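A quick write-up on the structure given underneath.
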Amino acid sequence: SIAEYIYARGCATGKRVQCFGGAKNHMIIMPDADMDQAVDALIGSGYGAAGERCMAVSVAVPVGKATADKLVEKLIPRVESLKIGPSTDPSADFGPLVTKQALERVKGYVDLGIKEGAKLVVDGRGFKMQGYENGFYMGGCLFDDVTADMRIYKEEIFGPVLSVVRAHDYEEALRLPSEHEYGNGVAIFTRDGDAAREFASRVNVGMVGINVPIPVPVSYYTFGGWKRSGFGDLNQYGPDSIRFYTKTKTVMARWPSGVKEGAEFAFPTS
């Protein structure tokens, strides 16, 4: 990745480097979750800004068949009714992708997902914006029955595409984001405080949201992911940002007027 390349080049010359990499942010939906709240969270975090943001949720992981069936049933009409429009339209849910190349790349991933065997339940590839026919617009896409061996799961799509990966149980749901090469952000929706605390402790991801779809902390906390989502010893924002631009210095002093003993041969203690 570009982030990894820059990090390696900078460190090779003795520089301090902070680099963000890619992301594949998961949202776990437990059987006891408020389903309407979870769907609202997925729609906003998955499709806002056309999915072109580092903290977008691109993978929904419902736990259990009943949870998955209910989630997909509620998601389909919401994705189909998303309003796409220009930035001048305040009622639009999201706008165009950033470039023609980005549009083609995202559509290519949708084509790939179909070839890999995922079920495309909402197809937004054919969307055309009236008056902006040459714009880089596409509608929201929703995949079901995505599996962990598919490229559309492994790779960052960076567009308005949400993948549903069905987990049989809590342990499988925990394992999916933990074993993914990216570890930027993850969320869990549940009413069970014990499950939420355990998840936050065990999951191998840098930022965790509990009933919060995009776990972006306020800026006096540090921001950054783990694994191939972030390179460098320190994250952004908060105390880490100060440490990144600071060299520490330690000063030890002793004044002759205060020396009342002879030689000491042990480390001083506080």
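The values are calculated or read from the model by the stated rules, or taken from the named source; none is laboratory data. This structure is a prediction, so every number in the text was calculated from the model and none was measured. Cβ: placed from backbone, ideal geometry, glycine included. Neighbour counts: every protein chain shown.
Here are the numbers:
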item: Check on G159, surrounded by 22 or more Cβ atoms within 10 Å (Cβ to Cβ), within 16 Å of the chain's Cα centre (by Cα) and free of Cβ contacts under 8 Å to residues at least 60 places away in the same chain; result: no
item: Restricting the stretch 124-145 to residues that are buried (at least 20 other Cβ atoms within 10 Å of the Cβ) and aliphatic (A, V, I, L, M), the residue that is nearest to L75 (Cα to Cα); result: L142
item: Hey, L82 within 30 Å of D169 (Cβ to Cβ) and crowded, with 17+ Cβ neighbours inside 10 Å or not; result: no
item: Residue within the stretch 214-231 that is among the polar types (S, T, N, Q), at positive phi, outside any helix (DSSP H, G or I) and under 15 Å from the mean Cα position of the chain (by Cα) present; result: no
item: Matching entry among V79, V57, V39 (being of a type in the set (V, I, T) and in contact with a Cys (Cβ under 9 Å, 6 or more places away or on another chain)); result: V79
item: Members of the stretch 161-219 found to be of a type in the set (K, R) and touching a strand residue (DSSP E or B) at 6+ places or on another chain (Cβ under 9 Å), listed by number; result: R166, R175, R197
item: Residue pairs meeting the criteria (Cβ under 6 Å; at least 6 apart or on separate chains; first within 17 Å of P31 (Cα to Cα), in the stretch 185-206; second exposed (fewer than 15 other Cβ atoms within 10 Å of the Cβ) and modelled with pLDDT of 95 or more); result: T190/D32; R191/D32; D192/D32
item: Count - residues of the stretch 177-195 that are in a loop (DSSP other than H, G, I, E, B) and either surrounded by 24 or more Cβ atoms within 10 Å (Cβ to Cβ) or of a type in the set (V, I, T) (or both); result: 2
item: Residue among D233, D240 that alone is surrounded by 17 or more Cβ atoms within 10 Å (Cβ to Cβ), among the charged types (D, E, K, R) and modelled with pLDDT under 95; result: D240
item: Count of residues meeting criterion [within 20 Å of I29 (Cβ to Cβ), out of contact with any Asp or Glu (no Cβ under 7 Å at 6 or more places or on another chain), touching a residue at least 40 places away in the same chain (Cβ under 8 Å) and among the β-branched types (V, I, T)] in the stretch 63-106; result: 2
item: Close pairs (7 angstrom Cβ cut-off, 6 or more residues apart or separate chains): of a type in the set (V, I, T) in the stretch 218-230, surrounded by 18 or more Cβ atoms within 10 Å (Cβ to Cβ) and in a strand (DSSP E or B) anywhere; result: none
